[in-house]
1. If a residue counts only when it is over 30 Å from ARG173 (Cβ atoms), which helices (runs of 4 or more DSSP H) contained entirely in the stretch 1-102 have at least 3 such residues?
2. When you scan the stretch 129-151, do you find a residue that is free of Cβ contacts under 8 Å to residues at least 40 places away in the same chain, among the acidic types (Asp, Glu) and surrounded by fewer than 17 Cβ atoms within 10 Å (Cβ to Cβ), even just one?
3. Quick one: how many residues across the stretch 152-185 are surrounded by fewer than 12 Cβ atoms within 10 Å (Cβ to Cβ), assigned to a loop (DSSP other than H, G, I, E, B) and among the charged types (D, E, K, R)?
4. Show the residue pairs that are 6+ apart or on different chains and have beta-carbon atoms under 6 Å apart, the first residue being within the stretch 41-64 and touching a residue at least 24 places away in the same chain (Cβ under 8 Å) and basic (Lys, Arg), the second being part of a helix (DSSP H, G or I) and buried (at least 17 other Cβ atoms within 10 Å of the Cβ).
5. For THR186, are the conditions met, namely being within 30 Å of GLN32 (Cβ to Cβ) and at pLDDT 95 or above?
6. Is at least one residue of the stretch 18-27 open to solvent by 70 Å² or more (accessible area, probe 1.4 Å), farther than 30 Å from GLY149 by Cα and in contact (Cβ under 8 Å) with a residue 40 or more places away in the chain?
Amino acid sequence: MDVNKDVVGNRRERRKEETRQRLIEAALSLMQEKPFEQISVEEITERADVAKGTFFNYFPTKEHLLMAYMQEMVEEVYEFLDQLHPESAESQWEVLRQVMRFIAERDGRSLALTRSMFAACCHNDTLRQMVARMIEETTQHALMGFQKGQLSGEFRNDVSAHALAHYAIRLYRICLMEWIMENDSTPLPELVEQTLEFFKPAFLNQEVRK
């Protein structure tokens with residue numbers, strides 16, 4: 001076993017990942033200043049302090065960069081979900097609440113960035129399709145929680161678990177839209193918490209509500 005080769009290889013991989021993250025962070029920084037469609041690859045590489053050609057070693061287009069960032073966010077959410085051990089949790093609603101708050105804390109860190117990302121996804125077909133796939137994937141994860149909750153008697157059974165998951169995700173999207181458009185004094189995580197608490201009885205089994 002050549003230890004030196006392993007060390008060099010690990011160092012190279014770390015540097016590649018550092019450069020990749022610098023490019024992503026540079027793009028996010030620029031998105032807080034102007035719309036995504038107005039940002040050029042050259043501006044991203046200048047902000048990241050790397051050669052312009054380096055960008056294409058990591059991303060075919062700037063849209064792929066944004067997609068990579070969104071995928072990283074999704075993976076962080078799933079890692080957080082795993083830490084909650086939903087398969088053995090006493091309350092699936094509590095799992096849902098904590099996950100939604102975690103997402104809201106991420107989305108709520110920068111209004112300018114979240115607005116820019118939302119606008120980019122609205123104007124770009126590729127990004128819009130990716131977001132649609134992410135929403136469907138998220139709904140499937142929520143579906144498993146609602147199925148468990150229905151089996152345990154926590155959630156109502158007069159509607160399907162898929163419908164419950166769909167409307168739970170919709171509640172978050174409504175909160176996000178309100179926060180983006182109206183920008184009131186309520187932070188996004190608190191807005192999500194308040195909305196979930198208000199609509200909680202609509203999801204619970206009638207016996208649980210009593």
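1. In the stretch 1-102, the matching helices (runs of 4 or more DSSP H) lie at 3-31, 41-48, 52-55.
2. Yes.
3. 2
4. LYS62/VAL41
5. no
6. no
The values are calculated or read from the model by the stated rules, or taken from the named source; none is laboratory data. Everything numeric here is computed off the predicted structure, so don't read it as measured data. In this analysis, Cβ positions are derived from the backbone assuming ideal geometry, glycine residues included, and neighbour counts consider all displayed protein chains. In case anyone asks, the SASA skips ligands and DNA or RNA and just uses the protein heavy atoms, side chains included. Shrake-Rupley method; radii C 1.70, N 1.55, O 1.52, S 1.80 Å.
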